[in-house]
Amino acid sequence: MAGKDTIVSGMAGRYASALFDLAVEAGQVDAIAADLETLSALIAESDDLRRLIKSPAFSADEQEKAIAAVLDKVGVASLTYNFVKLVARNRRLFAIESMIHGYKALVATSKGAISAEVTVAEPLSDGHRAALTQALADVTGKTVDYDVKIDPKILGGIIVRLGSRMVDASLRTKLNAIKLAMKEVG
């Protein structure tokens with residue numbers, strides 16, 4: 001089912017597809033998605049956790065024990081718990097964020113929606129979020145589930161990645177284009 005509807009490729013895609021298939025079988029697709037969203041938020045908030053998952057300096061055993069402690073504290077479903085521990089045991093924890101993204105794309109597709117990634121310089125207000133949701137629905141003709149990433153480096157504007165398409169309307173990109181045009185003129 002997963003491979004037919006959405007392209008999730010590479011090692012992270014295979015893990016995401018396997019987890020999605022197990023979640024469908026267990027009837028826990030939404031519960032696993034919520035657990036993975038919680039894990040994703042924890043990774044985004046904690047430099048220490050990010051270092052744990054990215055650094056090759058930690059052994060598989062150390063990563064597995066540490067991530068198990070985090071998951072115990074948060075309280076996730078056993079399928080999520082076992083999956084993340086397996087990822088750590090297989091020395092693939094560095095790709096967990098890509099696996100989460102792939103899983104979310106599979107869930108969105110299974111519900112007839114599209115998954116997108118939106119980058120903005122500061123948090124979106126409720127009004128902007130509603131306008132963005134409507135604009136993405138108008139463009140695609142489908143419901144769009146999107147993650148919002150905050151990146152002050154873009155200065156302003158928005159970057160939207162929707163499948164293989166990307167729209168970069170960030171202030172940083174526009175300023176770079178002006179700078180390049182000025183170099184060509186002068």
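The values are calculated or read from the model by the stated rules, or taken from the named source; none is laboratory data. These figures come from a predicted structure and were not determined experimentally. As a convention, Cβ positions derive from the backbone with ideal geometry for all residues, glycine included, and neighbour counts pool all protein chains shown. Quick note on the areas: whole protein, heavy atoms, side chains included, nothing else; ligands and nucleic acids left out. Shrake-Rupley method; radii C 1.70, N 1.55, O 1.52, S 1.80 Å.
What order do Met11, Met99, Met182 take when sorted by accessible area (1.4 Å probe), most exposed first? Before the final figure, lay out each step's value.
On the way: Met11 45, Met99 5, Met182 135 Å².
Greatest to least solvent exposure: Met182, Met11, Met99.
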Seminar exercise, completed: Carbon plus sulfur, as percent of the 1.4 Å-probe accessible area of the chain, comes to 56 percent
Seminar exercise, completed: So, with points 7 Å from each Cα along the Cβ direction, the Ala169-Glu37 label distance in nm works out to 2.5 nm
Seminar exercise, completed: Here region 12-169 gives, from Cα atoms, an Rg and Dmax in Å of 16.6, 48
For this session: Send over a whole-number figure in Å² for the accessible area per residue of the chain, probe 1.4 Å.
Result: 58 Å²
Exercise. So how strong a dipole does the chain carry about its Cα centre when Lys and Arg Cβ are +1 and Asp and Glu Cβ are -1, to the nearest 20 debye?
Worked result: 620 debye
For this session: Send over the semi-axes of region 19-77's equivalent ellipsoid, whole angstrom and largest first, taken as the square roots of 5 times the C-alpha gyration tensor eigenvalues.
Result: 23, 13, 10
For this session: Any lysines with Cα under 25 Å of the Lys183 Cα? List them, leaving off those in the same chain fewer than 8 positions away.
Result: Lys153, Lys174
Exercise. So for the pair Leu124, Lys142, with labels modelled 7 Å out along Cα→Cβ, what separation do we get in nm?
Worked result: 1.8 nm
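For Met182 and Asn82 in one chain, what is 0.36 nm times their gap in residues minus the Cα-Cα distance, to one decimal in nm? Working shown, then result.
Working: separation 100, 0.36 × 100 = 36.00 nm, distance 5.54 nm.
30.5 nm is the gain from fully extending Met182 to Asn82.
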Problem set entry | Selection from Gly127, Ser115, Gly10 lying farthest towards where the dipole of region 1-145 points positive, charges on Cβ | Gly10
